[in-house]
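For reference, the structure is listed below as C-alpha cells.
The values are calculated or read from the model by the stated rules, or taken from the named source; none is laboratory data. As the structure is a computational prediction, the values presented were derived from the model and not from experiment. Because the Cβ atoms are built from the backbone with ideal geometry, glycine has one as well, and the counts that use them run over all protein chains shown.
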Amino acid sequence: MSAEHLWYIPNQARPGHRGDDAAEGHNSLETLTEHAKALEDHGWGGALLGTGWGRPDTFTVATALAARTTTFKPLIAIRPGYWRPANFASAAATLDHLTGGRVLVNIVSGQDDLAAYGDSEGDQAHRYGRTREFMQIVRRLWTEDDVRYRGEHFQVADATLGVKPVAAGERHHPRLYFGGASEAAERVAAAEADVQLFWGEPLDGVRERIERLEKLSERLGREHAPLEFGLRITTLVRDTSEEAWADAEAKVATMAEGRSGFTVDPDHRGRWAEAVGQRRLLDLAERGEVLDDNLYTAPGRFGGGGAGTTWLVGSAEEVAASLRKYEALGVTHFVLSDTPYLPEIRRQGDRLLPLLRD
C-alpha cells in the first residue's frame, strides 16, 4: 500500500504550543480552517487532532473542519471514558457518512484529568481492558446489526446504527489508530487496532517492536486484517543540513532557558514520564545526542514530550531518507509536524512530501 502522510493540529486553548506562533485567534474556526486548507493545498492527507481535558472538544473541531474542506482527513483522538462506545460509534459513523469516508480515529488510553468529566480508572490492566472492549464494540457496531455485547466494562443490547460508515473496497470502516508501548497496550494493539503508532524511536527500536507485535498478533489469533504501523515524530526541515542543525540547536537552547511555549507543565510531564513509551524516549538521550543519521534526542532533556521528545533534523533530502528507512521496516503511516505549524505545513508539503512520493 502507498504511505499515508498526515500533519498535526494541536487543538489547544492556549496559544504557543511547542513554540508555535502565539497569534490572537489561534484556535478560531478561521485559523484552524486555514491550516486544514493549507494541508489540502500542499499535499497532506489530513491531520491528527490532539485531545485531552482542557482542550476544545476534538470531535467538534474535526466536524467543523471536515465541513469546510473537501479532502482533509481528521485523525480524531478520543478517549474511552470520555465517550461511551455506542455514542462514539454513532457519531463517527455519521461524520464518516457525511464526509464520504474521511474519518480516521486515534484511540488514546493515556492518563488524563478523568475526575473532571466524571471518569475513573483502575490499574493498567483495567485501563487497557476497557480500551479493548471499547474498540471491539465500536468495530462491531460499524459493521454489524443487532449487536449484543456484555463485557466487564461495557454492555450493549440489540444495537444497530441507523447510519453506517462508508465501506468501499478494502475499507469497511474508519481506521483505528492506537499507541502504547507497555505489554498490556501491545496486546490490545496486536488484537484490535488497525494501526499501531510509534513515537520517534531509533530504527532498531521500531524494528524490534514491529517484529514483536507481528508475532504477538499471530499468537493472539488476530481476527482482523494485518496490523499496520505508523510513526508520530517532529521533522525539522531546512534548505541545508547546516541550517537545520543550527535552528534545532537554537530551539533546544530556548527550551533549556524555560521560555514560554517550549516548557511543559510539570504535572503533565510527570504523567508522561510514567508511560512506558515516553520513558523509552527519555532514555534515548543516554545513548547519545544524535542517533541513527539525524534523530536528535536533546529536546527530551529540556521539556519536549510525546512527539516533541525526538526530532528528525536535516535538509529535505536527509529527512526523507530517514523516513524511507522507517518505511522499509514496514511503517506506512506518518504523522509529522514542526512549529510554527502553518508555515511548516507549506514548507514540508512542498519540499519533503514530493521526495517521499517519488
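Could you go through region 176-199 and let me know if any residue there is at positive phi and in contact (Cβ under 8 Å) with a residue 12 or more places away in the chain.
Checked against the condition, which is being at positive phi and in contact (Cβ under 8 Å) with a residue 12 or more places away in the chain, region 176-199 yields at least one hit.
Is it fair to say Asp145 is within 24 Å of the chain's Cα centre (by Cα), on the phi < 0 side of the Ramachandran plot and not in a helix (DSSP H, G or I)?
No; evaluated as a whole, the condition is false for this residue.
Can you pull out the residues in region 95-109 that are out of contact with any strand residue (DSSP E or B) (no Cβ under 7 Å at 6 or more places or on another chain) and outside any loop (DSSP other than H, G, I, E, B)?
Leu95, Asp96, His97, Leu98
Determine whether Leu216 is touching a residue at least 12 places away in the same chain (Cβ under 8 Å) and over 26 Å from Leu355 (Cα atoms).
In short, yes.
Could you please give the count of residues in region 319-358 that are in a loop (DSSP other than H, G, I, E, B), more than 23 Å from Glu242 (Cβ to Cβ) and either more than 19 Å from the chain's Cα centre (by Cα) or not small (Gly, Ala, Ser) (or both)?
1
Out of all the residues in region 225-246, is one or more among the aliphatic types (A, V, I, L, M), without any contact (Cβ under 8 Å) to a residue 60 or more places away in the chain and more than 30 Å from Arg139 (Cβ to Cβ)?
Yes.
Residues that are within 14 Å of Leu231 (Cα to Cα): which strands (runs of 3 or more DSSP E) entirely in region 149-210 hold 3 or more of them?
Answer list for region 149-210: 176-179, 195-198.
Return the total of residues in region 100-123 being closer than 18 Å to Pro174 by Cα and surrounded by 14 or more Cβ atoms within 10 Å (Cβ to Cβ).
8
Got a number for residues in region 110-142 being of a type outside the set (A, V, I, L, M, F, W, C) and not in a loop (DSSP other than H, G, I, E, B)?
Total satisfying the criteria: 13.
Part of a loop (DSSP other than H, G, I, E, B) and touching a strand residue (DSSP E or B) at 6+ places or on another chain (Cβ under 7 Å): does that describe Asn11?
yes
Could you tell me how many of the residues in region 86-126 are under 18 Å from Gly180 (Cα atoms) and over 19 Å from the mean Cα position of the chain (by Cα)?
Matching residues across region 86-126 total 6.
Kindly indicate whether Asn87 is within 20 Å of Val166 (Cβ to Cβ), touching a strand residue (DSSP E or B) at 6+ places or on another chain (Cβ under 8 Å) and among the polar types (S, T, N, Q).
no
Could you say whether any residue in region 206-217 is in contact with a strand residue (DSSP E or B) (Cβ under 6 Å, 6 or more places away or on another chain), modelled with pLDDT of 95 or more and surrounded by fewer than 13 Cβ atoms within 10 Å (Cβ to Cβ)?
No, the conditions are met nowhere in region 206-217.
Quick one: in region 43-85, which of the residues that are over 30 Å from Arg150 (Cα atoms) and charged (D, E, K, R) is modelled with the lowest pLDDT?
So the residue we want is Arg55.
Could you list, ordered by first residue, the pairs with Cβ atoms under 8 Å in which the first is in region 95-119 and closer than 25 Å to Arg279 by Cβ and modelled with pLDDT of 95 or more and the second is not in a loop (DSSP other than H, G, I, E, B) and not hydrophobic (A, V, I, L, M, F, W, C), at least 6 apart or interchain?
Between residues of region 95-119 that are closer than 25 Å to Arg279 by Cβ and modelled with pLDDT of 95 or more and residues that are not in a loop (DSSP other than H, G, I, E, B) and not hydrophobic (A, V, I, L, M, F, W, C), the close pairs are Asn106/Tyr177; Asn106/Gly179; Ile107/Pro80; Ile107/Thr131; Ile107/Tyr177.
Which ones in region 14-60 are within 17 Å of Thr339 (Cβ to Cβ), part of a helix (DSSP H, G or I) and of a type outside the set (A, V, I, L, M)?
Result: His17, Arg18, Gly19, Thr31, Glu34, His35.
Looking for something within 22 Å of Ala307 (Cα to Cα) and among the basic types (Lys, Arg) - is there at least one such residue anywhere in region 174-186?
Looking for residues that are within 22 Å of Ala307 (Cα to Cα) and among the basic types (Lys, Arg), one finds at least one in region 174-186, hence yes.
Scan region 75-94 for residues that are assigned to a loop (DSSP other than H, G, I, E, B) and either within 16 Å of Leu49 (Cα to Cα) or without any contact (Cβ under 8 Å) to a residue 60 or more places away in the chain (or both) and report the count.
Of the residues in region 75-94, 3 are assigned to a loop (DSSP other than H, G, I, E, B) and either within 16 Å of Leu49 (Cα to Cα) or without any contact (Cβ under 8 Å) to a residue 60 or more places away in the chain (or both).
Would it be correct to say that Leu231 is part of a strand (DSSP E or B), touching a Leu at 6+ places or on another chain (Cβ under 9 Å) and hydrophobic (A, V, I, L, M, F, W, C)?
Considered against the rule, which asks whether it is part of a strand (DSSP E or B), touching a Leu at 6+ places or on another chain (Cβ under 9 Å) and hydrophobic (A, V, I, L, M, F, W, C), Leu231 comes out as yes.
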